[in-house]
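Written out below as C-alpha cells is the structure these notes cover.
The values are calculated or read from the model by the stated rules, or taken from the named source; none is laboratory data. Computed from a predicted structure; not experimentally measured. Don't worry about glycine lacking a Cβ; one is built from the backbone with ideal geometry, like all the others, and counts go over all protein chains shown. Side chains included, ligands, DNA and RNA excluded: accessible areas come from the protein's heavy atoms. Shrake-Rupley method; radii C 1.70, N 1.55, O 1.52, S 1.80 Å.
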Amino acid sequence: MSEAASAPLRLLVADDQPIIRRGLALMLDAEDDIAVVGQAADGQQALELARALRPDVVVMDLQMPRLGGVAATRQLAAELPRVRVVVLTTFDDDELVYEAVRAGAHAYLLKDAAEAEVLDTVRAVHRGESRLSPAVARKVLEQFRTLAADARHAGSPPPYPGTARAPAPHALQEPLSDKEERVLALLADGLSNKQIAERVFLAEGTVKNYVSRIMDKLHARNRTELAVMAQGRHG
C-alpha cells in the first residue's frame, strides 16, 4: 500500500511565530498523506496537544517561550516515545544541535530548508528513519568526541542534558559482527532500512533487528544518535 493510500500521517506544528507556524501547517496539510492535527505556540502547549491528540510527528522549533523545544522534546521522548520529533529552527549552534539530538529529536532541519526536504524528512522519520545533514551530524559528533575526551581526563563518563551520565560514544560491551559493521557503514551513508536490505540481501525486518542490536552495543538512545556515531566510525 502506498503512503498516500494509507492513513494520513498525523502531524503537530510547534512554533512561536504565528506566520511561520501557520505557513508550515498550510504547506504540510496540503499533502494527501499528511494531516495537521494541531498547532502549538510554545513547548508547553506542544506537550499538552501531543498528550491529547497523539500525533505521529511533531515539527518543533527550539527557541520558544514557557518551554523550549529541547525540553519539550525530552519530555515527549519520555512520555510519548512513539511520537517522532523533527526540529525545524533557525539555530545551528553546536550545543543546541547536540542537546536536541540527545533529547530525542529524530531529525534536525534549518528553516532555510527547501519545501521538498521538509516533506521528505517528515515522511522519513515517520517510517522510523533519522535525518541529519552532514553539517549537523559533524556538530553532534564533535560534541561526542569532546565529552568523551573530557571523560577520559576526568576518569568518568560525562554528564549530558536530562540524565546523570553518558557512555563514551564508541565504548562497546561486545564488538560488532562483520554484518553489523556493514549495516552501520550503510547507515552512515544515509540509507534507509529498505535500501540497506537491498544492499546486503536481507529482509527489511532483519535489518531493523540488526539496527536495534547495534544501538544496544553502541549505547545509542535512538537512531539519530546512532547515525551520528556511524558517521564517526565510517565517515
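When the residues of the stretch 198-217 are filtered to those that are closer than 20 Å to MET229 by Cα and either in contact with a strand residue (DSSP E or B) (Cβ under 6 Å, 6 or more places away or on another chain) or not β-branched (Val, Ile, Thr) (or both), the one that is surrounded by the most Cβ atoms within 10 Å (Cβ to Cβ) is TYR210. Looking only at residues in the stretch 109-139 that are under 12 Å from VAL86 (Cβ atoms) and at pLDDT below 85, the one that is most open to solvent (accessible area, probe 1.4 Å) is ARG131. Restricting attention to the stretch 218-231, and to residues there that are open to solvent by 20 Å² or more (accessible area, probe 1.4 Å) and either modelled with pLDDT of 80 or more or outside any loop (DSSP other than H, G, I, E, B) (or both), which single residue is farthest from ALA185 (Cα to Cα)? Step by step, filter the stretch 218-231, then rank; the result is ARG223.
Screening GLN17 with (1) open to solvent by 60 Å² or more (accessible area, probe 1.4 Å); (2) within 23 Å of GLU115 (Cα to Cα); (3) within 18 Å of the chain's Cα centre (by Cα) gives one miss only, at (3). Checking the stretch 25-35 against the condition returns no match, with no residue being at pLDDT 95 or above, in contact with a Leu (Cβ under 8 Å, 6 or more places away or on another chain), open to solvent by less than 70 Å² (accessible area, probe 1.4 Å) and within 17 Å of GLU99 (Cβ to Cβ). The set of residues from the stretch 69-87 being open to solvent by 10 Å² or more (accessible area, probe 1.4 Å), in contact (Cβ under 8 Å) with a residue 40 or more places away in the chain and either closer than 20 Å to GLN17 by Cβ or over 11 Å from the mean Cα position of the chain (by Cα) (or both) comprises VAL70, ARG74.
Looking only at residues in the stretch 49-68 that are charged (D, E, K, R), open to solvent by 40 Å² or more (accessible area, probe 1.4 Å) and under 25 Å from TYR98 (Cα atoms), which one is modelled with the lowest pLDDT? Checking each candidate, the answer is ARG66. Scanning the stretch 102-135 for residues that are over 24 Å from ILE19 (Cβ atoms) and polar (S, T, N, Q) yields a total of 2. So for the stretch 153-171 (the condition being modelled with pLDDT of 75 or more and polar (S, T, N, Q)), does at least one residue qualify? No: zero hits. Selection within the stretch 4-46: residues that are among the β-branched types (Val, Ile, Thr) and assigned to a strand (DSSP E or B). The member of this set that is nearest to VAL122 (Cα to Cα) is ILE34. The set of residues from the stretch 92-101 being out of contact with any Asp or Glu (no Cβ under 7 Å at 6 or more places or on another chain) and buried (at least 16 other Cβ atoms within 10 Å of the Cβ) comprises LEU96, VAL97, TYR98, GLU99, ALA100.
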